[in-house]
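Notes for the one structure printed next.
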Amino acid sequence: MKIGIIGTGYVGLPTGVGFAELGHTVVCVDKIKEKIDMLKTGHLTLYEDGLNEMFVRNLQSGRLSFTTSMRKAVEGADVVLIAVGTPPHPVTKEADLKYIYAAADELASYLTDYTVVATKSTVPVGTGDDIEQIISRKNPTARFDVISLPEFLREGKAIHDFFAPDRIIIGTNSPKAAELMQELYKPFASKTEILFVSRRSSETIKYASNAFLAMKIQYINEMADFCEQTGADIAEVSQGMGLDKRIGKAFLNAGIGFGGSCFPKDTMAMAYMGRKVGVSMDLIETTIAGNKKRREKLAQRICQELKDIRDAKVAVWGLAFKNGTDDCRESPAIDVVASLLDHHLNVVAYDPKAMQNACRIFGSSIAYADDMYGAVKDADALVILTEWPLFSTVDLNLLARLMRQTYIFDYRNMLNPIAAAEHGFTYQCIGKK
Ligand code: NAD
């Protein structure tokens, strides 16, 4: 098949590479010329585990190509995937659909034979109807179906998740579109549940899923706060809870709260949608507020502890919103660092992959280290904000020699508290006294 992909971000790019790997001809279009120039010349524009090799192989084979021309991506395509951003509206916090509507308008003129236009972006219920109208208005003779094809990949595991998704949700009432999707997803059929639902249900499934996962994170963080006051250990509590199959083990790691380009915006969008139709989304509203407060509260803990140290220097390990990605969008680490700066603390940061993105945010207001030990030299405190496995390999002897004072705020519970205490550190983690 020929597949056109609109948007070469964290969803569009791995998805394009994945479909090319399966043997399809994939043409990815993006409006940012610098991105396309880099991708054309074999340079990735974002970090994803395992993406590079597959990207280069498919680019060289000619199955995968990149362009700024919508015509080249859409003309003759069997399927066009829309994978543009749906950021929160600056005022209302609903999903801002300007990129979706623009993409629909731009692609409409180039539809030739029957095409399935599939929305991979996370969009509010009813957006498929809008896209359909935009295309029909612009190109009344076009033969197409608009379907919802929500994306569930996890950043940092995008390639793994492309080839081994938990489920594939296809939202359409058109038998013709369903048949084409069945063909496209044939390689997955033996190992993955493929669920056909209505377009509106499919659009809702995505938001309902993300809001539920966000609530699970907020819930375990509340339990962690409780453990800190009562002498229970959140690691043991999570383990005990997770053994119940009805609860499940995933998303029970207490920490600094959820971030990234999806959960914060999708919970806000879901809450907005509820308000719009008069359905109260109290659980989701509470989750949003609690998650926001958490960043500030954890930053305050550091400031409080260091308040008597003159010119205190804080080493920060981790800036990405989670490990395995360079994505800093809505990263809790970014808010914590910003709060430390507000309190006039000096910050030296290190992240294995997110330094460039962080630099775009903080510029020269913080210092950047080349490696994790470089960051802690003469630091008064170490703060761990992203769960990169590298950080758990720390040599505590070396750390103690390099640091000026010995505070550790392990907000991802990566180190062994007993070992840290034995090395003379004043150690604080999450969910444990
Ligand atoms: P992104 O910002 O990384 O990428 C979007 C890309 O689309 C950008 O490169 C932008 O230049 C391009 N674009 C915008 N308008 C365009 C147009 N008219 N023509 C061509 N290119 C255009 O976004 P993302 O993280 O890939 O997310 C895309 C969508 O997928 C969002 O709705 C998001 O909620 C959803 N989603 C994201 C993830 C994730 O892990 N990032 C997971 C599941 C779903």
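For the range 95-121, which positions are assigned to a loop (DSSP other than H, G, I, E, B) and either closer than 20 Å to E34 by Cα or modelled with pLDDT of 95 or more (or both)? I'd like the intermediate steps shown before the answer.
Quick first cut of the range 95-121, residues assigned to a loop (DSSP other than H, G, I, E, B) only: 96-97, 109-114, 120-121.
Answer for the range 95-121, where residues must be assigned to a loop (DSSP other than H, G, I, E, B) and either closer than 20 Å to E34 by Cα or modelled with pLDDT of 95 or more (or both): D96, L97, S109, Y110, L111, Y114, K120, S121.
Quick check on my filter: what residues within the range 242-256 are more than 30 Å from L149 (Cβ to Cβ) and open to solvent by less than 40 Å² (accessible area, probe 1.4 Å)? So that I can check it myself, show each step before the final result.
Restricting attention to the range 242-256, the residues satisfying the condition of being more than 30 Å from L149 (Cβ to Cβ) are 242-244, 254-256.
Once the filter is applied, which keeps residues that are more than 30 Å from L149 (Cβ to Cβ) and open to solvent by less than 40 Å² (accessible area, probe 1.4 Å), the range 242-256 yields G242, A254, G255, I256.
Of all residues in the range 144-190 being part of a loop (DSSP other than H, G, I, E, B) and either outside the structural domain of T45 (by TED's automatic domain parsing) or among the acidic types (D, E) (or both), which is most open to solvent (accessible area, probe 1.4 Å)?
Among those that are part of a loop (DSSP other than H, G, I, E, B) and either outside the structural domain of T45 (by TED's automatic domain parsing) or among the acidic types (D, E) (or both), it is D166.
Within the bounds of the range 345-360, is there any residue that is open to solvent by 10 Å² or more (accessible area, probe 1.4 Å), touching a Pro at 6+ places or on another chain (Cβ under 7 Å) and not charged (D, E, K, R)?
No: the range 345-360 contains no residue that is open to solvent by 10 Å² or more (accessible area, probe 1.4 Å), touching a Pro at 6+ places or on another chain (Cβ under 7 Å) and not charged (D, E, K, R).
What's the total number of residues in the range 280-307 that are open to solvent by 20 Å² or more (accessible area, probe 1.4 Å) and in a helix (DSSP H, G or I)? Spell out how you get there, then give the answer.
Step one: filter the range 280-307 for residues open to solvent by 20 Å² or more (accessible area, probe 1.4 Å), giving 280-283, 285-286, 288-289, 292-293, 296-297, 300-301, 304-305, 307.
From the residues that got through so far, the ones that are in a helix (DSSP H, G or I) too are 282-283, 285-286, 288-289, 292-293, 296-297, 300-301, 304-305.
Going through the range 280-307 one residue at a time, the tally reaches 14.
Residues checked against (1) of a type outside the set (D, E); (2) touching a Phe, Trp or Tyr at 6+ places or on another chain (Cβ under 6 Å); (3) under 22 Å from K120 (Cα atoms):
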position: D30; (1), (2), (3): no, no, yes
position: V56; (1), (2), (3): yes, no, no
position: F66; (1), (2), (3): yes, no, yes
position: K72; (1), (2), (3): yes, no, yes
position: E75; (1), (2), (3): no, yes, yes
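Test A211 against the stated conditions and say whether it is closer than 24 Å to I247 by Cα, touching a residue at least 60 places away in the same chain (Cβ under 8 Å) and open to solvent by less than 30 Å² (accessible area, probe 1.4 Å). Give the steps one after another, and end with the answer.
On the way: closer than 24 Å to I247 by Cα: yes; touching a residue at least 60 places away in the same chain (Cβ under 8 Å): yes; open to solvent by less than 30 Å² (accessible area, probe 1.4 Å): yes.
Criteria met by A211.
So P124 ticks every box in (1) of a type outside the set (V, I, T); (2) within 16 Å of the ligand (Cβ to nearest atom); (3) open to solvent by less than 60 Å² (accessible area, probe 1.4 Å); (4) over 21 Å from S209 (Cβ atoms) but one. Which box is left unticked?
(4)
Could you tell me which of the residues R412, R329 is assigned to a loop (DSSP other than H, G, I, E, B), touching a Ser or Thr at 6+ places or on another chain (Cβ under 9 Å) and open to solvent by 50 Å² or more (accessible area, probe 1.4 Å)? Steps first, please.
Details: R412 fails: open to solvent by 50 Å² or more (accessible area, probe 1.4 Å).
Result: R329 is the single residue among R412, R329 that is assigned to a loop (DSSP other than H, G, I, E, B), touching a Ser or Thr at 6+ places or on another chain (Cβ under 9 Å) and open to solvent by 50 Å² or more (accessible area, probe 1.4 Å).
Report every pair of residues separated by at least 6 positions or lying on different chains whose Cβ atoms are under 9 Å apart, first residue within the range 181-202 and farther than 14 Å from S148 by Cα, second modelled with pLDDT of 95 or more and open to solvent by 100 Å² or more (accessible area, probe 1.4 Å).
Close Cβ pairs (under 9 Å, with a partner that is modelled with pLDDT of 95 or more and open to solvent by 100 Å² or more (accessible area, probe 1.4 Å)) amount to A189/Q182; T192/D166; E193/D166.
M70: assigned by TED's automatic domain parsing to the domain that holds V17, touching a helix residue (DSSP H, G or I) at 6+ places or on another chain (Cβ under 6 Å) and more than 26 Å from T325 (Cβ to Cβ), yes or no?
yes
Can you report the number of residues in the range 214-236 which are open to solvent by less than 30 Å² (accessible area, probe 1.4 Å) and either of a type outside the set (A, V, I, L, M) or not in a helix (DSSP H, G or I) (or both)?
5
The values are calculated or read from the model by the stated rules, or taken from the named source; none is laboratory data. These figures come from a predicted structure and were not determined experimentally. Glycine also receives a Cβ, built like all others from the backbone with ideal geometry; neighbour counts cover every protein chain displayed. Just the protein is used for accessible areas: all its heavy atoms, side chains included, with ligands, DNA and RNA removed. Shrake-Rupley method; radii C 1.70, N 1.55, O 1.52, S 1.80 Å.
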